[in-house]
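S.K.: Before anything else, here's the structure in question.
Derivation of every value follows stated rules applied to the coordinates shown; laboratory data play no part. This structure is a prediction, so every number in the text was calculated from the model and none was measured. Here Cβ is always computed from backbone atoms with ideal geometry, including for glycine, and neighbour counts include all displayed protein chains.
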Amino acid sequence: MERTTTRGRSRAGVAREAASSTRATGSEVRVEDLFPEGERRGIILYDGVCNLCNGAVNFAIANDGNGGQGGSVRFAALQSETGRRLLRNAGRDAEDISSIVFVEAANSEASYVKSEAVLRIAKRMRAPFPQLAAIGSVFPRALGDLAYDLVADNRYFILGRRDECRLGDDVHDDRFLR
């Protein structure tokens, strides 16, 4: 069963409500704490109210190249305090939920968006996805980003949206950051 929080109507409203509800706990998210010594798992920042994005999270969990041992990636909703902190650390607006973001290390030089994020995530999945990522890498990034933007701009129309932001689930809770 998935964990959810906050109700909202607009993308900006959902982000503000999610941020205010997580801030209410009083726990400040420190980026360096997300990447302790030896931590190699990247973090996928996803739109927590987007059904397409949540499906992609489920797909990433099911096809993780290191699925049985804590996985090779972790997840944080863009609307969560952790997501907002990582967005700021990557030099992006904390309210920007327009793109998936993949963070490989605790600095902004290791953060990727749009098609580059998708390709980097695919490299961490089991076969045939690393091979497909290698093929996808030969195309110009502008072309990949154009395709990404076409889907991202219509993601709520394609599969709809949730009224609540997904912040984890009971089975893989250790892989979700809040």
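S.K.: Subtracting the Cα-Cα distance from 0.36 nm times the residue separation, let me have the gained length for D33 to I135 in nm, one decimal.
M.R.: 33.3 nm
S.K.: Starting from the range 41-146, pick out the trypsin sites (Lys or Arg not before Pro) whose DSSP state is loop and whose Cβ has at most 14 other Cβ atoms within 10 Å.
M.R.: R126
S.K.: What length, rounded to one decimal in nm, is gained on full extension from N63 through to K123, with 0.36 nm per residue of separation minus their alpha-carbon distance? It would help to have the intermediate numbers written out before the result.
M.R.: Details: separation 60, 0.36 × 60 = 21.60 nm, distance 1.10 nm.
Going from the current span to full extension adds 20.5 nm.
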